[in-house]
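Visitor: Take this structure, written in structure tokens, and hold onto it; I'll ask about it next.
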Amino acid sequence: MNDIKIKRPLSDKVLMIGVYYKHHAPGGIAAVVQYYEGHFENLRYIPTTRDTNFIVKVLYGITAYIKVFFLLLFDRRIKILHIQTSSRISFWRKCPFVKLGKLFGKKVITHMHASQFKVFYNESSKKATIKKYLLLPDRLIVLSESWKEWFMGIGVPKEKIIVLHNITDYPKIANNKKNITSGRPVRFLFMGEIGERKGVFDILRGMTNNAEELNGKMELRIGGNKHEDELKKMISDGHLENMLKFEGWVSGDKKIELLNWADVFILPSHNEGLPISILEAMSYGMPIISTPVGGIPEVVSEQNGILVTPSNEKEIINAIRFFTNSPNVIPRLGKHSADVVKTYLPDYVLGHLKLIYENLLSE
């Protein structure tokens with residue numbers, strides 16, 4: 001259902017920059033822009049980096065700056081520079097573009113996706129510079145009310161900050177999606193970067209320590225990339241092959257297949273903005289096991305899942321145990337997930353973004 005939400009001539013007035021997002025590129029910002037593309041009549045977008053070697057990243061950055069400079073210089077249609085950013089190197093990489101947009105008298109939006117911005121800011125010796133670049137744009141878009149409060153707490157004016165929900169696409173629910181019947185194992189799904197931050201190793205450690213109890217009661221499929229060798233070693237050392245299957249990085253039809261296969265989504269992250277993967281799972285009617293970090297508590301509660309303490313393997317296993325012992329609650333909690341996520345679907349999110357653009361242009 002790729003209906004156009006932001007049409008010309010409005011879309012022609014917006015130049016968006018961020019990470020490379022084509023060909024199912026990994027990462028939260030890439031996922032957001034992939035969804036945007038299907039609902040902009042003309043998405044004008046310049047990637048500033050790509051997930052590749054250092055030299056190519058540098059070339060992407062230089063090329064992007066040159067392209068943006070000449071577009072702002074010669075294309076009078078452009079009125080808004082919409083910058084997708086995160087923390088650390090992503091933030092610093094986008095700072096020259098913020099200055100460039102203001103230099104040319106354009107309206108500038110910084111769209112903050114950073115899950116670790118608090119850590120980045122608190123540990124930085126350049127807090128004054130960071131704050132300067134947070135104050136320069138006309139609008140700072142954040143993913144949740146909790147992030148809005150945090151940015152206000154470091155001095156960003158309330159009127160500059162807008163909460164725009166992260167976006168997930170309309171679900172493609174299979175006609176043959178199976179209900180939990182006949183005592184089959186409960187199906188859990190993890191999708192995200194493989195590493196400590198997303199909590200996948202916490203899941204595996206907990207499963208290893210409780211393998212005898214959980215064997216035959218649960219199945220876990222993992223989709224992701226990065227520290228794959230470490231993950232495979234933990235699966236082998238923990239003798240988890242009977243309960244767990246690693247799928248590698250998943251996208252497209254494979255992702256849709258997994259979202260239709262699973263009963264419960266699990267992502268016990270240590271820090272987050274608001275993960276697209278949780279929103280995707282909710283749109284497919286899944287309860288969620290996650291953590292109370294970033295914007296997650298704004299979409300996950302006891303009505304549609306369980307929030308556990310980051311790094312707490314015992315709480316993670318207790319949450320898994322709750323669903324394996326009481327699978328009858330899954331449809332009810334999943335229905336609440338599907339209700340909550342409605343304001344994260346394209347109709348709502350792109351309508352809000354359109355209003356943000358129109359309000360900026362009218363100032």
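The values are calculated or read from the model by the stated rules, or taken from the named source; none is laboratory data. Remember, predicted model here, so these are calculated numbers, not experimental data. Reconstructed Cβ throughout: ideal geometry from the backbone, glycine too, with neighbour counts over all protein chains shown. Please note that ligands, DNA and RNA were not included when accessible areas were found on the heavy atoms of the full protein model with its side chains. Shrake-Rupley method; radii C 1.70, N 1.55, O 1.52, S 1.80 Å.
Visitor: If you check SER290 against the conditions, is it crowded, with 23+ Cβ neighbours inside 10 Å, without any contact (Cβ under 8 Å) to a residue 60 or more places away in the chain, small (Gly, Ala, Ser) and under 21 Å from GLY223 (Cβ atoms)? Before the answer, list the steps.
Guide: Working: crowded, with 23+ Cβ neighbours inside 10 Å: yes; without any contact (Cβ under 8 Å) to a residue 60 or more places away in the chain: yes; small (Gly, Ala, Ser): yes; under 21 Å from GLY223 (Cβ atoms): yes.
Yes, satisfied.
Visitor: Could you list all residues from region 43-55 that are in contact with a strand residue (DSSP E or B) (Cβ under 9 Å, 6 or more places away or on another chain), open to solvent by 20 Å² or more (accessible area, probe 1.4 Å) and either at pLDDT below 95 or not in a loop (DSSP other than H, G, I, E, B) (or both)? Write out each step before concluding.
Guide: Within region 43-55, the subset in contact with a strand residue (DSSP E or B) (Cβ under 9 Å, 6 or more places away or on another chain) is 43-51.
After this cut, where a residue has to be open to solvent by 20 Å² or more (accessible area, probe 1.4 Å) as well, the list is 43-45, 47, 50-51.
Within region 43-55, TYR45, PRO47, ARG50, ASP51 meet the criteria.
Visitor: Say we look at region 18-41 and pick out the residues that are touching a helix residue (DSSP H, G or I) at 6+ places or on another chain (Cβ under 6 Å) and surrounded by 15 or more Cβ atoms within 10 Å (Cβ to Cβ); which of these is modelled with the lowest pLDDT?
Guide: Applying the filter and picking the extreme gives GLY28.
Visitor: Looking at region 247-273, which of the residues that are at pLDDT below 95 and either surrounded by 24 or more Cβ atoms within 10 Å (Cβ to Cβ) or small (Gly, Ala, Ser) (or both) is farthest from ALA338 (Cα to Cα)?
Guide: GLY248
Visitor: If ILE83 meets every condition in (1) at pLDDT 95 or above; (2) over 27 Å from LYS132 (Cα atoms); (3) of a type outside the set (Phe, Trp, Tyr); (4) buried (at least 20 other Cβ atoms within 10 Å of the Cβ) apart from one, which number is that one?
Guide: Checking ILE83 against (1) at pLDDT 95 or above; (2) over 27 Å from LYS132 (Cα atoms); (3) of a type outside the set (Phe, Trp, Tyr); (4) buried (at least 20 other Cβ atoms within 10 Å of the Cβ), the one that fails is (2).
Residues checked against (1) within 29 Å of MET16 (Cβ to Cβ); (2) of a type in the set (D, E, K, R):
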residue	(1), (2)
ASN312	no, no
ILE317	no, no
PHE322	no, no
LYS335	no, yes
ALA338	no, no
PRO346	yes, no
TYR357	yes, no
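Visitor: Do you know which residues across region 354-363 are part of a helix (DSSP H, G or I) and either of a type in the set (Asp, Glu) or within 17 Å of the chain's Cα centre (by Cα) (or both)? Quick ask: steps written out before the conclusion?
Guide: Looking only at region 354-363, we keep the residues that are part of a helix (DSSP H, G or I), and these are 354-362.
If the condition is that a residue be part of a helix (DSSP H, G or I) and either of a type in the set (Asp, Glu) or within 17 Å of the chain's Cα centre (by Cα) (or both), then GLU358 is the only one that fits.
Visitor: Does region 99-110 hold any residues that are under 15 Å from ILE161 (Cβ atoms) and without any contact (Cβ under 8 Å) to a residue 60 or more places away in the chain, and which are they? Write out each step before concluding.
Guide: Initially, region 99-110 is screened for residues under 15 Å from ILE161 (Cβ atoms), giving 108-110.
Residues satisfying the conditions are VAL108, THR110.
Visitor: Starting from residues that are of a type in the set (Ser, Thr, Tyr) and assigned to a helix (DSSP H, G or I), keep the ones in region 275-291 and report whichever is nearest to PRO331 (Cα to Cα).
Guide: Pass one, region 275-291, residues of a type in the set (Ser, Thr, Tyr): 277, 283-284, 290-291.
Keeping just the survivors that are assigned to a helix (DSSP H, G or I) gives 277, 283.
Numbers: SER277: 19, SER283: 13 Å.
So, considering only residues that are of a type in the set (Ser, Thr, Tyr) and assigned to a helix (DSSP H, G or I), the one nearest to PRO331 (Cα to Cα) is SER283.
Visitor: Right, next: All but one of (1) within 28 Å of SER269 (Cα to Cα); (2) open to solvent by 60 Å² or more (accessible area, probe 1.4 Å) hold for PHE91; state the number of the condition that does not hold.
Guide: Among (1) within 28 Å of SER269 (Cα to Cα); (2) open to solvent by 60 Å² or more (accessible area, probe 1.4 Å), PHE91 violates only (2).
Visitor: Still on this structure, please answer the following. Looking at region 60-79, can you tell me whether even one residue there is of a type in the set (S, T, N, Q) and open to solvent by less than 30 Å² (accessible area, probe 1.4 Å)? Steps first, answer last, please.
Guide: Here is the first cut: in region 60-79, the ones of a type in the set (S, T, N, Q) are 63.
Checking which are open to solvent by less than 30 Å² (accessible area, probe 1.4 Å) leaves us with none.
No.
Visitor: Please identify the pairs in which a residue from region 226-246 that is surrounded by 12 or more Cβ atoms within 10 Å (Cβ to Cβ) has its Cβ atom under 7 Å from the Cβ atom of a residue that is charged (D, E, K, R), counting only partners at least 6 apart or on another chain.
Guide: Qualifying pairs under 7 Å: LYS226/GLU193; ILE235/GLU241; MET243/GLU219; LYS245/ARG221; PHE246/LYS232.
Visitor: Mind listing just one residue for me: the one in region 98-113 that is outside any loop (DSSP other than H, G, I, E, B) and farther than 14 Å from TYR357 by Cβ and, of those, nearest to the chain's Cα centre (by Cα)?
Guide: Start the filter on region 98-113 by keeping residues that are outside any loop (DSSP other than H, G, I, E, B), which leaves 98-103, 107-112.
From the residues that got through so far, the ones that are farther than 14 Å from TYR357 by Cβ too are 98-103, 110, 112.
On the way: VAL98: 23, LYS99: 26, LEU100: 27, GLY101: 26, LYS102: 28, LEU103: 31, THR110: 16, MET112: 11 Å.
Taking the candidates together, the pick is MET112.
Visitor: In region 120-221, which strands (runs of 3 or more DSSP E) lie fully inside it and hold 2 or more residues that are surrounded by 15 or more Cβ atoms within 10 Å (Cβ to Cβ) and among the β-branched types (Val, Ile, Thr)?
Guide: Values: elements: 139-142, 161-163, 186-191.
Strands (runs of 3 or more DSSP E) meeting the threshold: 139-142, 161-163.
Visitor: Looking at region 306-328, can you tell me whether even one residue there is among the hydrophobic types (A, V, I, L, M, F, W, C), assigned to a helix (DSSP H, G or I) and surrounded by fewer than 19 Cβ atoms within 10 Å (Cβ to Cβ)?
Guide: Filtering region 306-328 down to residues among the hydrophobic types (A, V, I, L, M, F, W, C) leaves 306-308, 316-317, 319-320, 322-323.
Retained after the next criterion (residues that are assigned to a helix (DSSP H, G or I)): 316-317, 319-320, 322-323.
Restricting the remaining residues to those that are surrounded by fewer than 19 Cβ atoms within 10 Å (Cβ to Cβ) gives 322.
The answer is yes; a qualifying residue exists.
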